[in-house]
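Asker: Below: one structure in structure tokens.
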Amino acid sequence: MNSRRLNQILAAASGLGVVIWIALGLWASHDAKNKNWMVDQEADPAVAPLPNVTADDWVAILADPHFASKSREERMSAANQRFDKIKGLADEQGYDLKALQRWYQQTATDAERYPLEKFVFAPGVETYYRDLRQSGFPKPSTWRVFRANVLNGYAVLIVLIGLPIVGGLLWFLAGIVIAVFSRRLSVKWRVLIIGLVAIILGEAWLIRNTQRHPVSLGLFTFYDGGDYISVEGTWTSNVKLAGPLQVTRLDCWHQWNHCIEATGRILGGQLSVNTNYWEVTNWGANELTFKDNGSSICRIEKLHVDRKSEIVTYTSASKRPKPDSCKSFEDEPIISHLVDGYKLRYQ
């Protein structure tokens with residue numbers, strides 16, 4: 001191989017590497033800009049995939065009567081503290097940090113101008129919040145994300161690793177095109193090649209669709225057979241759950257006055273199952289009540305089944321008096337109920 005041919009190959013490989021580099025940056029930019037997780041969290045959490053509004057959300061803080069009584073300086077301080085907590089992750093996602101900080105300051109000082117809404121988690125469990133959907137929440141900048149990804153050292157490493165792979169893929173695609181349109185191959189071989197390509201594309205689509213929705217949580221079902229009750233659904237709570245990808249089944253027998261609760265959840269990429277035993281204290285016509293579970297050192301757990309409304313409610317509250325070893329636990333009770341997991345996951 002002469003030096004001229006070698007220089008041509010190196011130039012082509014370098015050009016291909018630059019194209020891959022820029023393409024990766026553009027792809028990451030487009031993907032990040034389409035993610036509205038900060039809007040769901042800070043401006044309108046009621047539309048998030050797992051809808052929930054808690055007292056710690058910015059929209060709920062702005063609706064707090066104590067916040068309304070604060071001075072302008074105190075509100076600005078609260079806005080800056082909130083911004084400091086989120087700016088690191090927001091910068092990675094391509095948000096304009098100056099515009100984002102101004103948004104926090106503006107919503108803090110003019111909180112009363114935004115409509116007051118009420119998020120009802122369950123009967124008797126509600127949180128007031130400010131509707132900030134029309135507050136001009138800043139959007140991620142494609143250029144900022146592109147610059148961050150292109151200048152990232154990992155991007156260079158990916159290009160070096162991916163260059164031979166992409167080169168081989170291009171040769172493979174070129175071979176397919178030549179084979180399909182070549183007159184030297186018979187029709188049956190061309191049809192075979194087209195069929196194989198269609199299978200590969202179909203498998204790629206299935207893999208992509210599976211990655212987008214890796215698990216289906218199923219529907220909420222409530223069966224009441226009189227002496228046997230079976231409920232299946234997904235727990236949703238007034239606090240953010242550590243493992244939102246979970247499905248629970250509750251089976252109750254009047255004959256033995258007990259229920260068995262089995263929950264399967266995915267947490268950190270691991271699938272786990274745990275079971276609980278509940279003793280029924282009253283098998284009523286309208287409801288089931290259970291013996292409180294106080295086996296935890298810090299919490300007392302309660303379960304209630306409303307047969308008429310078909311609502312299953314779980315409550316976890318701090319023990320009173322609070323043991324010294326439980327001082328770090330939140331005092332706010334955790335209230336959960338079984339709902340339609342499919343809607344929570346895909347809405």
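Derivation of every value follows stated rules applied to the coordinates shown; laboratory data play no part. This one's a predicted model, so the numbers in the text were calculated from it and none came from an experiment. Backbone-built Cβ (ideal geometry, glycine too); neighbour counts: all protein chains shown.
Asker: Within the set K70/K327; K118/K327; K87/K327; K291/K319, which residue pairs have Cα atoms separated by over 20 Å?
Answerer: K70/K327; K118/K327; K87/K327
Asker: Follow-up question, since we're still on this one. For the peptides 69-76, 93-100, what is the packing order when you average, over each peptide's residues, the other Cβ atoms within 10 Å and list the highest mean first?
Answerer: Working: 69-76: 12.1, 93-100: 17.0.
So the order, starting with the most tightly packed, is 93-100, 69-76.
Asker: Which aspartates and glutamates does K322 reach when only Cα atoms under 18 Å apart count, and residues fewer than 8 places away in its own chain are ignored?
Answerer: Output for K322: D292, E301, E330, D331, E332.
Asker: Order these peptides, 58-68, 280-290, 193-203, by their mean beta-carbon neighbour count within 10 angstrom, highest first.
Answerer: Result, highest mean Cβ count within 10 Å first: 58-68, 280-290, 193-203.
Asker: What is the calculated FRET efficiency for M76 to S309, with r their C-beta to C-beta distance and R₀ = 35 Å, to the nearest 0.05?
Answerer: With R0 = 35 Å, the Cβ-Cβ based efficiency is 0.20.
Asker: Please list, in chain and number order, the residues 5+ apart from R307 or on another chain whose amide H is under 5 Å from its amide H, with Hs placed from the backbone.
Answerer: E287, L288
Asker: Related question: Separation of the stretch 53-72 and the stretch 260-336 by C-alpha centroid, Å?
Answerer: Rounded to whole Å, the Cα centres lie 29 Å apart.
Asker: Here's a follow-up. Non-local amide H neighbours of H337 (under 5 Å, H modeled in plane, Pro and chain starts lacking H): which ones?
Answerer: T236, Y314
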